[in-house]
Amino acid sequence: MDDEEDLEKEHLWCGAWKEMTVTVPQVASMLCLSSHTVGLLIEGGHLVAQQRGKHRFVTLVSLFAYRRRHWSPERAARHYARRTDAALGQDTDPLTG
């Protein structure tokens, strides 16, 4: 797929979706990342966010675009397994035996 086709698909998300935002913790949950990592993605220009008071809100358009390019079911499964192991008090570091 070339850049022109990608641009056309991005325009599908414009309109009513363009103004919608979600909180950083919601984005973190949707992407299986920490809120800190989402903050780094915002600062790096990978996600577009609006500052309102002390809080940042990520646009749905940028979230969907990022997720389409970087998210995979395998990544989500690995993240879920690490969180489940941590919740159960199991050590997930293979070097610690």
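The values are calculated or read from the model by the stated rules, or taken from the named source; none is laboratory data. Please read all numbers here as calculations on a predicted model, not as lab measurements. Methodologically, a virtual Cβ is constructed for each residue, glycine included, from the backbone with ideal geometry; neighbour enumeration extends over all protein chains shown. Each accessible area value is taken on the protein alone, full model and side chains, heavy atoms only, with ligands, DNA and RNA left out. Shrake-Rupley method; radii C 1.70, N 1.55, O 1.52, S 1.80 Å.
Within segment 39-75, the set of residues being aliphatic (A, V, I, L, M) and either at pLDDT below 90 or in a helix (DSSP H, G or I) (or both) comprises L40, L41, I42, L60, V61, L63, A65. Pairs meeting the criteria (first residue in segment 17-36 and among the acidic types (D, E), second residue at pLDDT 90 or above, beta carbons under 9 Å, at least 6 apart or on different chains) are E19/T59; E19/L60.
Scanning segment 15-53 for residues that are open to solvent by less than 70 Å² (accessible area, probe 1.4 Å), within 15 Å of R69 (Cα to Cα) and more than 9 Å from the chain's Cα centre (by Cα) yields a total of 1. Of the residues making up segment 11-22, at least one is on the phi > 0 side of the Ramachandran plot, at pLDDT below 90 and in a helix (DSSP H, G or I).
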